[in-house]
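What follows is a short report on a single structure.
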Amino acid sequence: GILGMKSGSTRDVCRQLYYQSLFKDGAYAHPVLGTHAGVMSFTSDNLQSHLKTLYAPRNTIVSCATNLDVERAFELLENSFGQIAPGSPPNVTISRPVDPTGVVTAHEPMEKEQVYIYIGGPLPGAADPDAPALIVAGDILSTRLRDDLREKRGLAYSVGAGVDFDRDFGWYMGVMGTGKANYAEARTGIVEHIAGMQESLPTEEELEIAQNSIWGSMLTRQLSRTNQAYYMCVHEFLGLGYDYLDYMIDGIRAVRPSDVQRVARQYFDTENYILATVGELEAQ
C-alpha cells in the first residue's frame, strides 16, 4: 500500500529517479522499501535469513540514551542483545558515484499538472574538512530558492536544497515542485541560484541565519530519547564518533563567507550535474 501511494507522488518518483541516475546500480539506487514484485514475493524464510545477517550483532551498532546508571543499562542490553547469535554479515562496500559529464537527464512522464525537479551531483564524505561549509552552503541555497522562486516569483509548490553524506562520499540536491507551464523558468532559476553561490559571497546575515538554523534543527531533533540514540548510531556509523553533536556546532560556526563560495565553486557544478524530472513537460 505504501509503495502504491509513493508511485503516484511526483516528488517520491523524482527522488528515486535522481538516485538511480546518480548512483547507477549502487545501493542508493534501490528503494529502501523495495518494489511491488519484491515485497509480494519474499517468504518468512527470506525474512529470517535477512534478520540473521544484516541485523546480526557483528553488523550492528548499539546506542543507548537513558537516565539509568551505566551498570544497569549494560545489564539490560546484555540480557537482550547478548542472547543473539553473532551471525555472518556480508561485506558491503558502496562506491562513490561517478561525476556526471554534462547535464545527465532522466525523465519519467506522469499525467500530473505538477512537475518535480531534482538537480545535483556528488560531494566528498561526512568526515571531509569541507563538510561543514557544504552543509552551510546547502542551507543558504535552500533559503535563496525559497525566497525567490516561491515567495517572490510564485513558481514553486515546494522548493529547497541541501546536502547528505555517507562515509566516503556525499551528494547535494536542489529540489522543486512546479507547474508544467513554469518548468523551464523553474529549472533555469535553480541553476542560476547555484551559479550565484559561486559568483558572490553570502552576506554575514545570511551566514548567521544559516548557522543558527542548522544548530536549531539539530537541537530540536535531539529532544527525544529515540532521536538521541538514533543520531549517536548514525554518527558512529559515518565514522564521526557517537559524540559528534558535542562539537559539530564548532565546525558550523567556523565557516566563513569565503568558505561557502569556495565549496560552491568546487562542488556545485552548473555545467555537469544530474537533472531528474517527473511529470508532463510541455514542448520546449
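Observations, loosely collected:
- Total residues in region 85-135, condition in a loop (DSSP other than H, G, I, E, B), of a type in the set (Ser, Thr, Tyr) and in contact (Cβ under 8 Å) with a residue 40 or more places away in the chain: 2
- Single unsatisfied condition, residue 28 versus (1) in contact (Cβ under 8 Å) with a residue 12 or more places away in the chain; (2) over 24 Å from the mean Cα position of the chain (by Cα): (2)
- For region 52-78, the tally of residues that are of a type in the set (S, T, N, Q), modelled with pLDDT under 90 and open to solvent by 100 Å² or more (accessible area, probe 1.4 Å) stands at 0.
- Matching entry among 101, 105 (being of a type in the set (S, T, N, Q) and surrounded by 10 or more Cβ atoms within 10 Å (Cβ to Cβ)): 105
- Which numbered condition residue 151 misses (of (1) in contact (Cβ under 8 Å) with a residue 24 or more places away in the chain; (2) open to solvent by 40 Å² or more (accessible area, probe 1.4 Å)): (1)
- Single residue of region 173-225 satisfying the filter (in contact (Cβ under 8 Å) with a residue 12 or more places away in the chain and of a type in the set (Ser, Thr, Tyr)) that is surrounded by the most Cβ atoms within 10 Å (Cβ to Cβ): 178
- Subset tally (residues that are farther than 19 Å from residue 102 by Cα and assigned to a helix (DSSP H, G or I)) for region 176-185: 5
The values are calculated or read from the model by the stated rules, or taken from the named source; none is laboratory data. Quick caveat: nothing in here was measured; it's all calculated off a predicted structure. Positions of Cβ are backbone-derived with ideal geometry, glycine not excepted, and every protein chain shown enters the neighbour counts. Side chains included, ligands, DNA and RNA excluded: accessible areas come from the protein's heavy atoms. Shrake-Rupley method; radii C 1.70, N 1.55, O 1.52, S 1.80 Å.
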